[in-house]
Amino acid sequence: MTAANHTPIPELFVSPEAASALKDEAGNMPSWDLTQRQACDLELLMNGGFNPLKGFLTEADYNSVVNDMRLADGTLWPMPITLDVSESFAEGIEPGTDIALRDQEGVILAVMSVTDKWIPNKKLEAERVFGAGHDDLAHPAINYLHNSAGKVYLGGPVKGLQPQIHYDFRGRRNTPNELRAMFKKLGWRKVVVFQTRNPLHRAHQELTFRAAREAQANLMIHPVVGMTKPGDVDHFTRVRCYEAVLDKYPQATTTLSLLNLAMRMAGPREAVWHGIIRRNHGATHFIVGRDHAGPGKNSQGVDFYGPYDAQELFRKHEDEIGVKMVDFKHMVYVQERAQYEPADEIEEGVTVLNISGTELRRRLREGLEIPEWFSFPEVVKELRRNSPPRAQQGFTVFFTGLSGSGKSTIANALMVKLMEMGGRPVTLLDGDVVRKHLSSELGFSKEHRDINIKRIGYVASEITKNGGIAICAPIAPYTATRRAVREMVEAGGAFVEIHVATPLEECERRDRKGLYKLAREGKIKEFTGISDPYEEPKAPELRVDTTDIDVDNAAHQVLLKLEQMGLIGLR
Ligand code: PPS
């Protein structure tokens, strides 16, 4: 176990001739468009990163993994790797069917021979795999399971036709066999792997350098660039940071490779899974912390997993995993000695400096100093580029309320005020205007309203991500759809929900467009507030009622809210 295994591991790709024949056949097979997570899983299945798996789990393997962390034949495997699909797709698929697996551009990457089709017990999966006794949507994988994953699972072996092509950082992406060959060529017999989803600062550089020195091994920084925890620093920024830190290590002993893994944040089980994946990538040692791949706090503010579990579980299965665990030493800066030292080796009475993740984010957000002892100037520069002060970031103001409540009028006034202030481009996505240009084919059924709002949300999220201001003013009557839009936008900036809470009686009294009258007469069907529901927002950033205030005043209240949130600077 302490010497690296350089022999190639099995991949699931078929020969180029077989691939070309299979591709022709696959044109006639039912096609499944892989989600981002499934595409990541497929890549590691095909290139041997998930060895010994030969495809997406069968029902027997799935049940055994969920309950016992093992495949049905007893092999240690902690994570369910499943192909979740919609009920409508599953309807036409029976065991024995071959299906084509396509990436988001429609390229056929693999063919899967379906052997199993079943409806999983998601509650059990959530509890067993992602935290016993919990069914909490604050856990990203549980949220995925209940809100994104299809209802039906398909299992069966996979034949790989071609790997997915990545255009970013191509030179830094390596398959398990490429790494094994490289280690062999370089004569690296021991390789310590450090897994991360965060930028590296001085403390990490110290801890990884020490870990490699103590194990008398080479070091591979192996960050995850597939899917990490929502809200993490994007991988483009992180990789630029890693490249900067790489210069701080001795060049001949350290390397950087990117891993296209979709993390689940499953804590202890995930640590074991990561260890197996690293064994496949030629590692002999793996750095594991107590809270490895932790999902953070649950919605009661309590840790999902006990703090010691990841290391304990890893140690218990170390032999089967096939890599040795190296303790993730918590490093802190000792001011008197001007150096990093392991926190558990420090005597009392010295000054220990530390900056938490939350504090770092606050300093970045507010443009405050980040000291040299904490990070490298090159890293800080990249992070600052990625997170300009809030007053320079994009955001979305999302008005919601009944027809005639005053959404459009306030939105127009707000737009003009923001344009007067200047600095960022402003786009107004008004309900009526959107329905004319973007959603002209849609009516007012629940389904159509949801499509309409999601379109608005998508455009707003793109504007926000690119540093602009989007102002939206649809009715948006459904809580769940508004929440979905919030999630989309918040990936790239702030989302400010304004409930224009003018009561129905007042809207109807004004009846500016004469629609309420028609709705009462039954001439317009499904009219919000009359014959269709409006679910009031429970916790909007701001609520305004235009019954007794004028438009200018309402728009000014919104501006004050934006200022309070640090999104604009009022003079
Ligand atoms: S939604 O529910 O968010 O998709 O609606 P939205 O895109 O904002 O469109 C609302 C405007 O369409 C007019 N209109 C109706 N509203 C509600 N229900 C029905 N059935 C309906 N039919 C037409 C109405 O003028 C709304 O404009 P506003 O600006 O809200 O008054």
Requested in this report: Answer yes or no as to whether ALA473 is at pLDDT 95 or above, near the ligand (Cβ under 10 Å from one of its atoms) and open to solvent by less than 30 Å² (accessible area, probe 1.4 Å).
Outcome: yes
**Report entry** Residue ID - surrounded by the fewest Cβ atoms within 10 Å (Cβ to Cβ), chosen from residues in segment 245-302 that are among the acidic types (Asp, Glu) and touching a Pro at 6+ places or on another chain (Cβ under 9 Å)
**Finding:** ASP291
Requested in this report: For residues that are more than 26 Å from the chain's Cα centre (by Cα) and not charged (D, E, K, R), scanning just segment 91-109, find the one that is farthest from PRO52 (Cα to Cα).
Outcome: GLY92
Query raised in the report: Is it true that ARG435 is at pLDDT 95 or above and within 10 Å of the ligand (Cβ to nearest atom)?
Result: no
Query raised in the report: Would it be correct to say that ASP291 is touching a strand residue (DSSP E or B) at 6+ places or on another chain (Cβ under 7 Å), of a type outside the set (Val, Ile, Thr) and not assigned by TED's automatic domain parsing to the domain that holds PHE130?
Result: no
Query raised in the report: Got a sec? Which of GLU508, GLU521, GLU497 is crowded, with 20+ Cβ neighbours inside 10 Å, of a type in the set (D, E, K, R) and more than 10 Å from the ligand (Cβ to nearest atom)?
Result: GLU497
Query - Any chance SER461 is under 22 Å from PRO537 (Cβ atoms), assigned by TED's automatic domain parsing to the domain that holds PRO503 and away from the ligand (no atom under 12 Å from the Cβ) - result: yes
Report summary line: Conditions (1) within 12 Å of the ligand (Cβ to nearest atom); (2) without any contact (Cβ under 8 Å) to a residue 40 or more places away in the chain; (3) open to solvent by 50 Å² or more (accessible area, probe 1.4 Å) -> ILE530 fails only (3)
Requested in this report: Please enumerate the residues belonging to segment 444-458 that are crowded, with 22+ Cβ neighbours inside 10 Å and more than 9 Å from the ligand (Cβ to nearest atom).
Outcome: GLY457
Query raised in the report: For segment 415-454, which residues satisfy the criterion of being of a type in the set (Lys, Arg), within 28 Å of the chain's Cα centre (by Cα) and within 24 Å of VAL558 (Cα to Cα)?
Result: ARG424, LYS454
**Report entry** Selection count where residues are part of a loop (DSSP other than H, G, I, E, B) and either of a type outside the set (S, T, N, Q) or surrounded by fewer than 18 Cβ atoms within 10 Å (Cβ to Cβ) (or both), scope segment 54-100
**Finding:** 20
Query raised in the report: Restricting attention to segment 365-379, does a residue exist that is away from the ligand (no atom under 16 Å from the Cβ) and among the β-branched types (Val, Ile, Thr)?
Result: yes
Report summary line: With criteria (1) open to solvent by 60 Å² or more (accessible area, probe 1.4 Å); (2) free of Cβ contacts under 8 Å to residues at least 40 places away in the same chain; (3) within 11 Å of the ligand (Cβ to nearest atom), GLU441 comes up short on (3)
Requested in this report: Go through (1) closer than 28 Å to VAL459 by Cα; (2) of a type in the set (Ser, Thr, Tyr); (3) within 11 Å of the ligand (Cβ to nearest atom); (4) out of contact with any helix residue (DSSP H, G or I) (no Cβ under 6 Å at 6 or more places or on another chain) and name the single condition THR479 misses.
Outcome: (3)
Query raised in the report: If we only count strands (runs of 3 or more DSSP E) wholly inside segment 141-251, which ones have 3 or more residues that are over 25 Å from LEU42 (Cβ atoms)?
Result: 191-194
Query raised in the report: Which condition number does ALA4 fail, the rest of (1) surrounded by fewer than 21 Cβ atoms within 10 Å (Cβ to Cβ); (2) farther than 13 Å from VAL158 by Cβ being met?
Result: (1)
Requested in this report: Determine the pairs where a residue that is touching a residue at least 60 places away in the same chain (Cβ under 8 Å) and open to solvent by 50 Å² or more (accessible area, probe 1.4 Å), located within segment 17-34, has a partner that is charged (D, E, K, R) and not in a strand (DSSP E or B) with Cβ atoms under 6 Å apart, the partner being 6 or more residues away or on another chain.
Outcome: none
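The values are calculated or read from the model by the stated rules, or taken from the named source; none is laboratory data. If you're wondering where the values come from, they're calculated on a predicted model, not measured in any experiment. Note: ideal-geometry Cβ built from the backbone for every residue, glycine included; neighbour counts use all protein chains shown. Surface areas here come from the heavy atoms of the whole protein model, side chains and all, with no ligands, DNA or RNA. Shrake-Rupley method; radii C 1.70, N 1.55, O 1.52, S 1.80 Å.
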